[in-house]
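Below is one structure, written out as structure tokens, with a few remarks after it.
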Amino acid sequence: MTQIRTERLLLRHARPEDAEPLHAIFSDPVAMRWWSSLPHERLNQTRAWVEGMIAGNVAGAPDFVIEWNGRVIGKAGFWKLPDVGYILHPDAWGRGLAAEAVGAAIDHVFAERLTDIVTADVDPENTASIRLLERLGFVRTGFAERTWNIGGEWKDSLYYALDRVAWASRLSSGS
């Protein structure tokens with residue numbers, strides 16, 4: 001089982017007991033505002049989601065639960081390469097933890113040569129996520145309208161990408 005330690009975080013594969021702390025995130029409308037589904041109404045929805053994450057990890061998906069100070073605060077990684085995804089509990093926002101977690105997941109997939117490029121699909125209104133991706137070196141590659149229907153509301157997508165060479169040059173320049 002892969003574990004990644006950063007300065008402040010532990011990224012690890014999901015376990016069944018993660019359902020309850022993750023439900024605190026996946027049932028929160030504020031946390032889920034930019035996610036690809038509506039907030040979970042029942043713990044069983046989150047349990048099923050965690051079971052899917054566990055199955056993905058068994059199949060080799062580099063997708064991780066994020067722990068901070070021993071508490072599960074979110075997830076970051078790749079449910080399906082090359083698309084990165086991340087979500088944190090709102091209590092953890094504004095501390096640079098998402099960038100730390102996503103950066104560690106990117107380091108992992110490039111170091112393990114699992115892909116040569118990582119991509120992201122972000123709602124154009126999600127300015128915090130756009131800033132995070134751009135800070136990490138992602139560049140905008142496209143736009144599409146009405147790509148996600150979340151609870152009857154259509155959302156648009158901005159597409160971003162980051163390749164191994166750009167990531168390595170960013171790291172070597174100290175950016």
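The values are calculated or read from the model by the stated rules, or taken from the named source; none is laboratory data. A quick note: this is a predicted structure, and the numbers were derived from the prediction, not measured. Here the Cβ positions follow ideal geometry from the backbone for every residue, glycine too, while neighbour counts run over all protein chains shown.
Just a few scattered comments:
- Any hit, the stretch 95-113, residues being more than 18 Å from W167 (Cα to Cα) and within 14 Å of the chain's Cα centre (by Cα): yes
- Pairing each residue of the stretch 157-175 that is closer than 15 Å to P82 by Cα and surrounded by 17 or more Cβ atoms within 10 Å (Cβ to Cβ) with any residue that is at pLDDT 90 or above and among the basic types (K, R), provided the two are 6+ apart or on different chains, yields C-beta distances under 6 Å for Y160/R140.
- Restricting attention to the stretch 107-146, the residues that are in contact with a strand residue (DSSP E or B) (Cβ under 6 Å, 6 or more places away or on another chain), closer than 22 Å to R33 by Cβ and exposed (fewer than 15 other Cβ atoms within 10 Å of the Cβ) total 6.
- Hey, A14 more than 22 Å from G96 (Cβ to Cβ) and touching a residue at least 24 places away in the same chain (Cβ under 8 Å) or not: yes
- Single unsatisfied condition, H13 versus (1) crowded, with 19+ Cβ neighbours inside 10 Å; (2) under 22 Å from H108 (Cα atoms); (3) touching a His at 6+ places or on another chain (Cβ under 8 Å): (3)
- Selected residue (only one of R140, R146 is at positive phi and without any contact (Cβ under 8 Å) to a residue 24 or more places away in the chain): R146
- Elements of type strands (runs of 3 or more DSSP E) in the stretch 48-122, at least 3 residues being of a type outside the set (A, V, I, L, M, F, W, C): 71-80, 83-88
- In the stretch 59-97, the residues that are basic (K, R) and over 18 Å from P21 (Cβ atoms): K80
- The residues listed here are G103, G96, G151, G74; of these, the one that is surrounded by 18 or more Cβ atoms within 10 Å (Cβ to Cβ) and at positive phi is G74.
- Among the residues of this structure, E67 counts as one that is of a type in the set (D, E, K, R), in contact (Cβ under 8 Å) with a residue 40 or more places away in the chain and more than 17 Å from G151 (Cβ to Cβ).
- Evaluating L132 against the criteria (1) assigned to a helix (DSSP H, G or I); (2) touching a residue at least 60 places away in the same chain (Cβ under 8 Å); (3) not small (G, A, S) leaves one unmet condition, (2).
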